[in-house]
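The values are calculated or read from the model by the stated rules, or taken from the named source; none is laboratory data. Since this is a predicted model, take the numbers as computed values, not measurements. Cβ placement follows ideal geometry from the backbone for every residue including glycine, while neighbour counts extend to all protein chains displayed. For accessibility, only protein heavy atoms count, side chains too; no ligands or nucleic acids. Shrake-Rupley method; radii C 1.70, N 1.55, O 1.52, S 1.80 Å.
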Amino acid sequence: MPAVPFPFYTFSILVILLLKVCLQRAPGYRSAATFISGCALLVFMSALRWQFDAVILRQLQSIVAIALPPLAWRCFARLTTQNRQQKFPRYLIAPLIALLLNLVAPMTTDAILMLLFIGYGGALIRTARQGADAFIFTRLQDAGPASLMTFIAGCFLCFSGLTDLAIAVDFGVYQGQQAPQLVALSQAILLPFICLAIVYSWKNVPPVTPLIAEPVEEDRPCDEEAEHFCQRIEARIDEEKWFLQTDLTLNALARKLGIPARQISQAVNQARSCNVSQWINRFRIHYAQRLLLESSAPVTDIMLDAGFATKSNFNREFVRISGMTPTDYRRAAVGKPAPDSEKC
């Protein structure tokens, strides 16, 4: 019976995950689907190369490998403030130089690939560490998953770069005798990482210690200017009911208010101790609480009226803020006045 190279198993799992992401249309699925497609193509070319070792396959593998890091960067950076800095595609300069060196000096390919993968991977990790508020062009409720997926993509690129380094060392010292084993080992390590990271990146996990009642505002020091700033824009947001827009992004909110997105994010983080997505969700949940008390509409209709796109996100945020599910809140809060606080 012919043996199936291990990378083909990884390729099969990536295809399954790609179908899962596209069918579920989870938050950030377009960027995730594009990145997974690039990874699947690279793994497939790698499997063919190590199975048949043809010159044309080596060249194709190198080209696909050179294209993957900037593709990943573009997929996720376009969701952040860095999108405005990419009118001139500077992120293409490094791969174009790498492609030129691959053609004129093939012996430098391994080193160039290592630098590309680790460089772009590190850049993605740095972008993810800026937090959900950096993803100003995603819907506010999708900013957290987008940040997580960016971090996962960066880790994947860095791991691939280190794998290329190990294979290059093997060719330099042992004439590539251990290269197939290194490829199989890297795939064996990478496969469960891919499965867990992508499958659970959109899995909704309830908070560890949910609130059991409406939170009480504590006396804590905060910058007076940030507090005044937040109160002013909170009044405007509540008056205009912008939080009811399902597709609201931080960039769109900044344009409506005429205030830079970074200034809004900094003030909310400082005065409310949460990110902008959680801050807006507080408006939505309090609006949903009023509807639960004042009407007999189904919970799903209230979820949509309050600006949430998915029931899972609505339930998670409702439990985080109220300490109970929407159904339990309606049952337990009969006769209580509707909440009027919009603070985190």
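At a glance:
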{"read-out": "GLU239, GLU224, ranked by accessible area, largest first (probe 1.4 Å)", "value": "GLU224, GLU239"}
{"read-out": "Theoretical FRET efficiency, 1/(1+(r/R0)^6), r = Cβ-Cβ of GLN130 and THR327, R0 22 Å, to 0.05", "value": "0.05"}
{"read-out": "LYS20 paired with ILE259, simple spin-label distance in nm, labels 7 Å along Cα-to-beta-carbon", "value": "4.0 nm"}
{"read-out": "Accessible-area ranking of LYS256, LYS311, largest first, probe 1.4 Å", "value": "LYS311, LYS256"}
{"read-out": "Solvent exposure, largest accessible area first (probe 1.4 Å, DNA, RNA and ligands not counted), of VAL104, VAL268, VAL64", "value": "VAL104, VAL64, VAL268"}
{"read-out": "Distance (nanometres) between label positions extended 7 Å along Cα→Cβ at ARG320 and ALA166", "value": "3.6 nm"}
{"read-out": "TYR287 accessible area, 1.4 Å probe, all protein chains in place, Å² to nearest 10", "value": "50 Å²"}
{"read-out": "For the range 140-171 versus the range 108-138, the gap between their alpha-carbon centres in whole angstrom", "value": "8 Å"}
